[in-house]
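> Below is one structure. I have some questions about it.
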Amino acid sequence: MNTTEEKMNRLTFLKQLGLSGASLMAVYCGVTMSSCTNESDEVTPLPSTGVTFDLSLAANAALLTKGGYVVDRTNNIVVAFTNVGTYVAVTLICSHEGQKQITYATDKFYCTAHGATYDNTGKGTNANGSAGLKAYTVTQSGTVLTIT
């Protein structure tokens, strides 16, 4: 490639081929029109034994305060302590565009990427969150939470 040539992105290339509208979207999103998500960020199952959080550890101290939450990037989950005193857990991966940006505030999960919102059960509460989040079961034994 000589220095006078320019690189172009995939969308510009496809448009120059004469593709537009639905045909452009079919090619750009992978021909099947299934979705434009990053499949590497799909929700993966938790280990068969579940994931544990020891509430006596400093790293999990936020889970002792109502409205507090902990993000586990290793397992792609968010665990929160609701304002009514129950523990809830959902996937870290937003169903809107697969961003790993779910947080928790005032009894709802929220994606900081595009504003998708979800209730404590993972049900979407606005258009960007309409697909919902994968919710997990949380059990407590003493100071240990187990997410399955």
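> Identify all residues within the stretch 102-111 that are closer than 20 Å to Y87 by Cβ, surrounded by 18 or more Cβ atoms within 10 Å (Cβ to Cβ) and not aromatic (F, W, Y); write none if there are none.
Hit for the stretch 102-111 is I102, nothing else.
> Residues of the stretch 112-137 being surrounded by 18 or more Cβ atoms within 10 Å (Cβ to Cβ) and among the hydroxyl-bearing types (S, T, Y), which ones?
The answer is Y118, Y136.
Throughout, read-outs are computed from the coordinates displayed, never taken from laboratory work. As the structure is a computational prediction, the values presented were derived from the model and not from experiment. FYI the Cβ positions are ideal-geometry reconstructions off the backbone, even for glycines, and counts take in every protein chain you see.
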